[in-house]
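Visitor: Before I ask anything, here is the structure I am working with.
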């Protein structure tokens with residue numbers, strides 16, 4: 001038999017590994033506390049990871065909206081150009097005014 005096995009069996013025979021009720025209680029409390037700390041840590045890590053994914057989704061949506069906004073600004077600029085407005089006015093049947101008559105109105109004062 002090896003020296004280690006003799007030491008272990010000798011220690012067990014002599015009762016070296018026996019625990020009293022107080023030691024068992026402390027050990028159980030330590031296990032419970034460590035379990036709670038580990039559970040809280042896992043909850044925090046999980047919540048942080050979920051928030052990170054949410055932030056990534058929001059950033060992707062922001063990027064998409066910025067691109068869409070740029071596209072809309074480009075379309076607005078194109079539709080608001082003088083040449084495009086001129087074409088649209090002709091399509092709608094408007095014509096340039098040749099002679100303009102202004103009407104004067106009386107101010108409604110006391």
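The values are calculated or read from the model by the stated rules, or taken from the named source; none is laboratory data. This is a predicted model, so every value here is computed, not measured. Note that each Cβ is placed from the backbone with ideal geometry, even for glycine, and that neighbours are counted across all protein chains shown.
Visitor: Inside segment 18-53, can you point out the residues that are at pLDDT below 95 and surrounded by 10 or more Cβ atoms within 10 Å (Cβ to Cβ)?
Guide: Hits for segment 18-53 are 19, 23, 24, 25, 26, 27, 28.
Visitor: Exactly one condition in (1) surrounded by 10 or more Cβ atoms within 10 Å (Cβ to Cβ); (2) at pLDDT below 75 is false for residue 15; which is it?
Guide: It fails just one condition, (1).
Visitor: Is it the case that some residue within segment 59-78 is in contact with a helix residue (DSSP H, G or I) (Cβ under 9 Å, 6 or more places away or on another chain) and surrounded by 10 or more Cβ atoms within 10 Å (Cβ to Cβ)? Spell out the reasoning first.
Guide: Quick first cut of segment 59-78, residues in contact with a helix residue (DSSP H, G or I) (Cβ under 9 Å, 6 or more places away or on another chain) only: 78.
The next check asks that each one be surrounded by 10 or more Cβ atoms within 10 Å (Cβ to Cβ); those that pass are 78.
For segment 59-78, residues in contact with a helix residue (DSSP H, G or I) (Cβ under 9 Å, 6 or more places away or on another chain) and surrounded by 10 or more Cβ atoms within 10 Å (Cβ to Cβ): present.
Visitor: I'm told residue 94 meets every condition in (1) surrounded by fewer than 10 Cβ atoms within 10 Å (Cβ to Cβ); (2) in a loop (DSSP other than H, G, I, E, B); (3) on the phi < 0 side of the Ramachandran plot except one. Can you identify the failing condition by its number?
Guide: It fails just one condition, (1).
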